[in-house]
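The values are calculated or read from the model by the stated rules, or taken from the named source; none is laboratory data. Since the model is a prediction, treat every value here as computed from it, not as a measurement. Please note: Cβ atoms are built from the backbone with ideal geometry, for glycine as well, and neighbour counts cover all protein chains shown. We work out accessible area using only protein heavy atoms, side chains counted, and drop any ligands, DNA or RNA first. Shrake-Rupley method; radii C 1.70, N 1.55, O 1.52, S 1.80 Å.
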Amino acid sequence: MEKKNLETTYSPKDFEKRIYENWLNKGYFTPEVNKDKKPYTIVMPPPNITGKLHMGHALDLTLQDILIRFRRMQGYEALWLPGTDHASIATEVRVENELLKQGLVKKEMGREAFLEKVYEWSEEYRGKIRDQITKLGSSCDFTREAFTMDENLSRAVREVFVKLYNDGLIYRGNRITNWCPKCETALSDAEIEYVEHNGNFWHFRYPYADGSGYMVIATTRPETMLGDTAVAVHPEDERFKDLVGKTLTLPLMNREIPIVADDYVDKDFGTGCVKITPAHDPNDFHVGERHHLESIRVLDDKGIINEHGGKYQGMDRYEARKAIIKDMEELGLLEKIEPHMHNVNTHDRCGTVIEPIISKQWYVEMKPLAGPAIEAVKSGETDFVPERFEKTYFHWLENIQDWCISRQLWWGHRIPVWYCDDCGEVHVDHDAPKLCGKCGSRSLTEEEDVLDTWFSSALWPFSTLGWPNETEDLKYFYPTSTLVTGYDIIPFWVMRMMFSGIYNMGEVPFDKVFIHGIVRDSQGRKMSKSLGNGVDPLETIDEYGADALRFMLISGNAPGSDIRFYPERVEAARNFANKLWNASRFVLMNINHELIEKYKDSTSYSMADQWILSKINNLIEEVTENLEKFELGIALSKVYEFIWNELCDWYIELIKPVFYNGTDEEKGVSYRIIRDVLIKSLKLLHPTMPFITEEIYSFLNDEETIMMASWPEADNSLIDAEIEERMGGIIEAIKSIRNLRQEMNVPNKKKSALFILPNEGKKNIFENSKDYLIKLAYAEDVVLLDKDSTDENHVSLVTSTARIYIPLLDLVDREKELDRLGKEKKKLESEIERVNRKLGNEKFLANAKEEVVAEERAKGEKYQSMLDAVTERIHALN
Ligand SMILES: [Zn+2]
Ligand SMILES: [Zn+2]
């Protein structure tokens, strides 16, 4: 080792980049297919190429990196496969708008030229995203990086389309689809957002054709009446029994339409009569099919009234709505307007109100695919963490509609279908057929539409591993181990990967689905552009380092729950890093490797040594278990507490006297223990804070890197509850003595004797602790008592294991001491009252676990004995 110690100050900028590049160049992120080791695989949810990574990605990536680093150190061949998603509609809209700023109109450019621009754009953004992923410290394997538009992934898409089609699970049909008039494309149910809207019910009169009166119907979308082809009533509705079969004259259009009876109508809702527009409402569409009604589509793809809309042709849907209401009112056919709060469906990307429109689209039949996907989670082949999200998953799959997969866009996987211009035959194939298989014509036209972007991301866990080729990677790494993703994406993505994996691979794509929440601002609001409350992860990294950001995102994190982003917590994380840095510097400055080597077999441990060894082994056991159960936040808080309190605040203080005045053997042993405990703590912290742990580790031994080092294993023979209790008692005594001296303004150089009366059975705690009390509690001498001190000059302290007397009264004020004891008394009295209140609460006693009640009782007893001691002391002083 050239340099012997860390830089004087912790400055992550100086080493994070260097360390990352070294890891990358050494190939540490690239696992091999190794039959002797078990694989652990995560496929990264591919970020959309539409823009910069936000705090949600930072959380998502950090969680994955922790799991991957942990498993890699445990000895798995750990593959974290990164990539990006072409994000069909989102990207197309973005690029279209960018080009428009340059005066280029998509439709005028033509398909080829436009796609060329999108490719350029996607290359640039993929590079940017890769860069951002690396800044966070992500140990993903870029040699296997994938993009949903890669040649092989596109091949996988065609393969699956053809397979589904040949299995009869893909069809083309006239269906009502969710249509976005702005983006001019069909959408799936998962792309819809519900927005509350202050609307109206317009009650219209529809006159009977024979002039004998009218029926009243209510609608929230008056413009659709132009396409009405019936009015429906419930078959058992007495009010309309004789009217079924009669005809009405549709106002404004003067078309005769029948009155039909259908179960779908709710007779207790509204007027009991429902207008039926099969071309513009999914329910009406089914009523239309049952009664063989005509479908009249009155809106074009832009949401403008078409040639079937009479004199309203050319009007935008909302313009037409106004005109129709006005005309109906003038005709005396507007019965009333009733305000009505309802949900409208909007497009999640652009916010435009969705128009259900009948159109010809491609669909995947979902029922046969959903069944096995539900079964796989019910039977436990795949588990959700936390389990409660299985409900969301089941809800979506159990109520699933056929999946509309065609999109009227250019950017995406083109649907592999060719139509024969001469005989109309439909050809579905991997590649363009040369001629029509039916009539031999060479004139074939390719389908214009592309696939829903989720069609390709549904194949992600196996297409990225080489499928449809039988690659070594695919055989070894599939099924993957854990999917890490947000709860908002369960219906879009998780369930689609599940049924795609089962259908194409015959096996579920992952063992565990680890769900996390979203990152909110410190007030609990969603981070959004419009609120301007987003925090850029890159700026945070720039200011505090990646380790601090990662720490902030994980501390307090619980599976499935949202987290809040507090800038001051990133600062606290940086302070923690600082503390670890300084403590490590101190250790490096003092330890001597020759002495470690010379006494490497010595086991003459001091009490502090035994205590820290017991603590670290406990910690290893607990943290390993927490990480295996995805309790990343709990694991981190335990490591943090240990490093901050036990290691830096206590152990290093406790062994300083050995560092300065110990024998060679004592030194050799302490050096070894502090080095080993520090190394183990760094390993436990490494998955969350990879950079600082690597930097410190490189000075502590000759191993190449911490990230490939083995995960520590607990040595149970070193776990010793009695030692932990004894040391705990001493630490408590030291803390109390220090507090008391501080309260009484006694300078540190003023030493004093300590008289200790241990509680029953606690004598052993204080028997061998003289040194610690002398060094850390400013004691001149320590005397163990066997009964209470009655010396008037003694100030007293009560801990949970002893009464401690300090002859300080000649140095301080008696009144002050009485005052302090009075406060102490009040505090204890209120604690006792709180415990008694709790124990007197029948609800608490009935609901709490036995251990909890017992614990509460023990607390009460402890406080009572402390109070007795304080009271006695007050008497003595008076
Ligand atoms: Zn839209
Ligand atoms: Zn043909």
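Details
- Over the Cα atoms of the range 773-863, the radius of gyration divided by the Kirkwood radius equals 1.12; this is the Rg/Rh ratio.
- Compactness of the range 109-243, expressed as Rg and Dmax over alpha-carbon positions, Å: 26.3, 78
- Nearby lysines by direct alpha-carbon distance to LYS598 (threshold 16 angstrom, same-chain neighbours under 8 apart not counted): LYS667
- Isolated cysteines in the chain, defined as those with no second cysteine Cβ under 4.7 Å, comprise CYS140, CYS273, CYS350, CYS404, CYS648.
- Gain on full extension, evaluated as 0.36 nm per residue between LYS475 and LYS434 minus their Cα-Cα distance, stands at 11.3 nm.
- For the chain, the 222 nm mean residue ellipticity estimated from helices alone, with every DSSP H stretch of n ≥ 4 adding -39500 (n - 2.57) and the total spread over all residues, rounds to -13500 deg cm²/dmol.
- With all protein chains in place and a 1.4 Å probe, the accessible surface of the range 359-491 carries 48 percent carbon and sulfur.
- ASN174/THR30 FRET efficiency (R0 51 Å; Cβ-Cβ; nearest 0.05): 0.55
- Per atom type, the range 782-870 shows carbon and sulfur on 46% of its accessible surface, probed at 1.4 Å.
- Given +1 at the Cβ of Lys and Arg, -1 at the Cβ of Asp and Glu and no other charges, the dipole of the chain around its Cα centre is 1560 debye to the nearest 20.
- Taking all C-alpha pairs of the chain, those more than 39 Å from each other amount to 58 percent.
- Using a cut-off of 22 Å between Cα atoms, the listed pairs LYS101/LYS182; LYS770/LYS859; LYS751/LYS826; LYS787/LYS859; LYS128/LYS629; LYS17/LYS683 include LYS770/LYS859; LYS751/LYS826; LYS787/LYS859; LYS128/LYS629 as exceeding that distance.
- 20 Å cut-off, amide nitrogen to a point 7 angstrom out along GLU722 Cα→Cβ, residues in the range 598-619: 603-618
- Protection proxy ranking of 54-62, 195-203, 510-518, 99-107 - average other beta-carbon atoms within 10 Å, highest first: 54-62, 510-518, 195-203, 99-107
- Per residue Cα convex hull volume in Å³ - calculated over the range 474-523: 77 Å³
- As a calculated quantity, the FRET efficiency between THR9 and ASN739 at R0 = 51 Å, using C-beta atoms, amounts to about 0.95.
- Nearby aspartates and glutamates by direct alpha-carbon distance to LYS391 (threshold 15 angstrom, same-chain neighbours under 8 apart not counted): GLU375, ASP383, ASP488
- Kirkwood radius and radius of gyration were both taken over the C-alpha atoms of the range 1-94, and their ratio Rg/Rh is 1.07.
- Å² per residue, accessible surface of the chain at 1.4 Å: 46 Å²
- Entry for the range 328-444 at q = 0.22 Å⁻¹: log10 I(q)/I(0) = -1.25, Debye formula applied to identical alpha-carbon scatterers, no solvent contribution.
- Rounded to the nearest 10 degrees, the inclination of helix 151-166 to the longest alpha-carbon principal axis of the chain is 50 degrees.
- Protein heavy-atom surface of the range 176-229, 1.4 angstrom probe: 43% of the accessible area is carbon and sulfur, with nucleic acids and ligands not counted.
- Residue-span extension gain [SER441 to GLU597] - 0.36 nm each, minus C-alpha spacing: 47.6 nm
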